[in-house]
1. Which order do peptides 264-275, 241-252, 191-202 fall in by mean Cβ count within 10 Å, highest first?
2. What is the sum of charges around Lys649, taking Lys and Arg as +1, Asp and Glu as -1, for the other residues whose C-beta is under 14 Å from the C-beta of Lys649?
3. For the chain, what does the accessible surface come to per residue with a 1.4 Å probe? Please give it in Å².
4. Summarise the accessible area of region 117-190 (1.4 Å probe, protein heavy atoms) by the percent that is carbon and sulfur.
5. Only Lys, Arg, Asp and Glu count, each charged at its Cβ (+1, +1, -1, -1), so figure out the dipole size of region 196-303 about its Cα centre, rounded to 20 debye.
6. Give the calculated FRET efficiency between Phe283 and Lys183 to the nearest 0.05, with a Förster radius of 56 Å applied to their Cβ-Cβ distance.
7. Explain nothing, just the number: dipole magnitude of region 117-190 about its Cα centre with +1 on each Lys and Arg Cβ and -1 on each Asp and Glu Cβ, in debye rounded to the nearest 20.
8. If I model region 40-136 as equal point scatterers sitting on the Cα atoms and use the Debye formula, what is log10 I(q)/I(0) at q = 0.17, 0.19, 0.21 Å⁻¹?
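The values are calculated or read from the model by the stated rules, or taken from the named source; none is laboratory data. Because the structure is a prediction, the values reported are computed rather than measured. Glycine gets a Cβ as well: all are built from the backbone with ideal geometry, and neighbour counts include every protein chain shown. For accessibility, only protein heavy atoms count, side chains too; no ligands or nucleic acids. Shrake-Rupley method; radii C 1.70, N 1.55, O 1.52, S 1.80 Å.
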Amino acid sequence: MTRKILVTSALPYANGSIHLGHMVEHIQTDIWVRFQKLRGHECYYCCADDTHGTPVMLAAQKQGLQPEDMIAGVREAHLADFTGFSIGYDNYYSTHSPENKAFSEKIYRALKANGKIESRVIEQLFDPEKQMFLPDRFVKGECPKCHTKDQYGDNCESCGTTYAPTELINPYSAVSGAAPVLKESEHFFFKLGECADFLQEWTSGNNALGKPHLQPEALNKMKEWLGGDGETSLSDWDISRDAPYFGFEIPDAPGKYFYVWLDAPVGYMASFKNLCDRTGLDFDEFFKADSQTEMYHFIGKDILYFHALFWTAMLKFSGYRTPSGIFAHGFLTVDGQKMSKSRGTFITAKSYLDQGLNPEWMRYYIAAKLNSKIEDIDLNLNDFISRVNSDLVGKYVNIAARASGFIAKRFEGRLKDVAGSALLAKLAAGSENIAGCYENREYAKALRDIMALADIVNEYVDANKPWELAKQEGRDARLHEVCSELINAFTMLTAYLAPVLPKVAEQAAKFLNLPEITWEHTRQTLGGHAINKYEHLMQRVEQKQVDNLIEANKQSIQAAAVPAEAGKFVPVAGQAGFDDFMKIDMRVAKVLNCEAVEGSTKLLKFDLDFGFEKRVIFSGIAASYPNPAELNGRMVIAVANFAPRKMAKFGVSEGMILSAATADGKLKLLDVDAGAQPGDKVG
Ligand SMILES: [Zn+2]
């Protein structure tokens, strides 16, 4: 039976770049959607940029743009990044759309008609200078518990306490710096507390296929939030915000806007509606209350509350269908740690593409780490290199490379019919099991099983040695048979991997002379079929490419580290511990000679005395010191334990000299008081 399925990924926010953390989710979703399509199901994948709210409004103001113009540019950039990784949306839309406005209003009116909306006057912090109410994250001040300064209005990053913004000591507006005042305002609330019985039932229930709506870990979270039998701890949900706000105005409530989290999930509907209107699909069939179709949301674990509770209740009490399942995943760490801008592991999708790394490598690696649980997954960069090279290049692509030459040269490109092959029967036997793994989002298991099949094929290659058969007199028929089995085996492996490696599958289809790869190819042989010339399908990952990627991400934050507005501390890097600091060996050094570098307008060459040895360091401060010779004899502070770095054609730099960046873009060398000697440790 053909299933009809609507699938979504969470909507990326239109104020920031797509990074590998986003990519985990969109790759996870895309693999699932491609698998369903390969199986012949009718599956639609919709997404959009999430465009509303205070952060977008303020970011646009800062850039001197209308928010509409800013979000249009951001959406284009997001879509280019996702497309670069072959994320195959059927529609990638925007929440700032007429469809989304219409559905947001319709849902709101329906909830209101059902008695689920209530208005209350609340007190909120207001920025008297900027004339706007301040969201929690836009109020800062001293933590009432541990007294750390400059903490956000919702929780303290130092001690972890959560509190109301009104509890901060000496609060100030992060927008203007002014001291906020309390001001009353009418807000609209969605009476979520009244939906508790329904949510109890839905969150612990199953869909029409008998599968649970939520993962077991998510259900445990729900029990925490929903409380025990009969009593609920669910708070009503404030769905309105006051002008100025970038969003949709609430019907019959001038100056009041829908909170961005109300219209963001409605964006799934709006994106699908836009697709339906373009293609003639029946929207109601998917969204009516008694819909027989399936709808799944892939999300990060941090937005479970919004989806499982708010969104599901909104749908239910405005007369629409509810989700068939919500699939949450964990966060991405890199080399076992939180992604870090200063370490260069906050890797943007664009930098990965710009550095020329193959997106299918990352798709494969991420998939090899994903399962159905809500666990964080780690991108270990060394493991990334070795796994991609050993699995994809060593085990998989090489099968085609080794067999295709003989088929082309000796058998006019034609395969022998090998329908009865025992090797191929073994490969075909995995089809339903591996399909089950994909269906249940156990991708790591699917890929382990597929690579085990690839191992069987490679053992077969070693046992039959086509390159030796080719040299033996009268073994042509056997050579033809073995190579045809290998090309068939390669086809089956390609079909198994097709959800993960769409580009490779597409190129392989050309080589195999097939219109496309489908799941049927996991269990079919090709017969006496003519294939095309083999062209190499995938290169190995080189260590240098990964090093360059990390370097590029480090540089991009240096470029982004703009001077702070007067009087404000803008951190350029995440928090560092004492241990991090102690890793940097800084020393006093004496300038023996400083000179301009021929062919470079940026660099100065320093011969330095570190006391224990002499070194050469290149520093990019030429623009700030037009007369380098006047630096001779002075002291500087330099990092002494960086790995030597080759500076293009100019030579090797053995460290880094510290300087301060002034607000007008000049660099000023650091000095040390009299008495310090070359080689003295700085700390
Ligand atoms: Zn604190």
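1. The packing order, highest mean first, is 264-275, 241-252, 191-202.
2. Result for the local shell: +3.
3. Working: 30990 Å² over 683 residues.
Here the per-residue accessible area is 45 Å².
4. Of all accessible area on region 117-190, carbon and sulfur atoms account for 46 percent.
5. Here region 196-303 has a charge dipole of around 380 debye.
6. So the FRET efficiency works out to roughly 0.85.
7. For region 117-190, the charge dipole is close to 140 debye.
8. The Debye formula, applied to the Cα set alone, gives -1.02, -1.10, -1.15.
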